[in-house]
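Beneath this line is the structure, given in C-alpha cells, with notes to follow.
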Amino acid sequence: MLSIGICDDESAARESLQLACERVMRDKNEEPQFFAFSSGEGVLRWMEKHADELDILFLDIEMGGINGMETARRIRERSGRLVLVFVTGYADYVFDGYSVNALDYVLKPCRDTRLRDVMQRALGQLQRLAPEAFTVKNADGLFRVEKSRILYLSSDRRVVTLVTVDRAYPYYGKLDDAEAELGEGFVRLHQRYLARAEAIERIEGSSAYVRGEALPISRANHQKVLLAFTRNMLGGRQA
C-alpha cells in the first residue's frame, strides 16, 4: 500500500490536499494510506520511530517552527528514498528544493491536473527505486526497508525477524523467500540466519560478527560466507 504524508500547519490545507490526492489516486485504482502532520518537528519525531514507512511526503514550505526546507534537509540526512514534494503559495521558494533533491512542487490551492502529473512522476521514481528496498508486512503495517540498512534476518519457525541499524521488523514468512528476493549482496550464514555481506565486521571460527553480535555460521555455509566476506574486504567497501 502506498503511504503518503502531508505536513502543513493548517488543517484545512491538509484536508484539501488529501481529498485531491484521493481523487487522483482513485483514477489509478489506488487507495493510499495517509499520515497527517501539523509541523516539521512532528514529522521528524514520527520518522525517528517509523523509518522508511513513508513513500511520498507533501511538505509545506511556510510553517511556523522548523520550516519545510529545513525539515527536508533533516529528512535527507536519514533517507534518500523518500519522495519529497513541496507545497507553497509562492513559486519563488521552489528553486531551493533542488538542494534537498525534491521531486517537484505544487502551488496552493492545488489543481488536480497538476497533482496528477506530480503523482505520476512520484510513482515512477518509487518504481525505479523499488529494487533497492525490501517490503515487510506485519500486524503494525506495511514497511519498505532500504536494503542498505538491513543488517541480517533470522528465522524462528514461521517468524522471520529483519534487523536494521535502528529497529527490528518481525513478520510471518520464510527465510528462503527473503533470500531469493534480496538477492546479490546477502549471504546465508545458517539455516536460520541471512546477513548482508557488507554488514559482516569479522569472522571468528564459526561466528560472523554484525555490529558486535555473533551470528552462527553452519559448516555447510562456512566457505561461501568466508568468500563473500573476503570479496567485500578486497573491494574496500564499508558496512
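For the reader, a short list of remarks on this structure follows.
- Verdict on Val145 being within 26 Å of Met47 (Cβ to Cβ) and among the β-branched types (Val, Ile, Thr): yes
- Restricting the range 127-182 to residues that are at pLDDT below 90 and small (Gly, Ala, Ser), the residue that is most open to solvent (accessible area, probe 1.4 Å): Ala139
- Qualifying positions in the range 210-226 - in a helix (DSSP H, G or I), open to solvent by 50 Å² or more (accessible area, probe 1.4 Å) and under 17 Å from Gln191 (Cβ atoms): His222, Gln223, Lys224
- Verdict on Glu70 being under 23 Å from the mean Cα position of the chain (by Cα), closer than 25 Å to Val145 by Cα and open to solvent by 50 Å² or more (accessible area, probe 1.4 Å): yes
- Any hit, the range 83-93, residues being polar (S, T, N, Q) and part of a helix (DSSP H, G or I): no
- Residues in the range 31-48 that are free of Cβ contacts under 8 Å to residues at least 12 places away in the same chain and of a type outside the set (Asp, Glu) were compared, and the one that is farthest from Val145 (Cα to Cα) is Arg45.
- One residue stands out among those in the range 82-100 that are among the hydroxyl-bearing types (Ser, Thr, Tyr) and closer than 21 Å to Gln120 by Cβ: the one that is modelled with the highest pLDDT, which is Thr88.
- In the range 92-121, the residues that are within 17 Å of Cys21 (Cβ to Cβ) and among the acidic types (Asp, Glu) form Cβ pairs under 9 Å with partners that are open to solvent by 70 Å² or more (accessible area, probe 1.4 Å) and modelled with pLDDT of 85 or more, at six or more places apart or across chains, as follows: Asp104/Asp117; Asp104/Arg121; Asp112/Arg23.
- Selection count where residues are outside any helix (DSSP H, G or I) and modelled with pLDDT of 90 or more, scope the range 66-81: 2
The values are calculated or read from the model by the stated rules, or taken from the named source; none is laboratory data. Just so it is clear, the structure is predicted and the values come from calculations on it, not from any experiment. Reconstructed Cβ throughout: ideal geometry from the backbone, glycine too, with neighbour counts over all protein chains shown. Please note that ligands, DNA and RNA were not included when accessible areas were found on the heavy atoms of the full protein model with its side chains. Shrake-Rupley method; radii C 1.70, N 1.55, O 1.52, S 1.80 Å.
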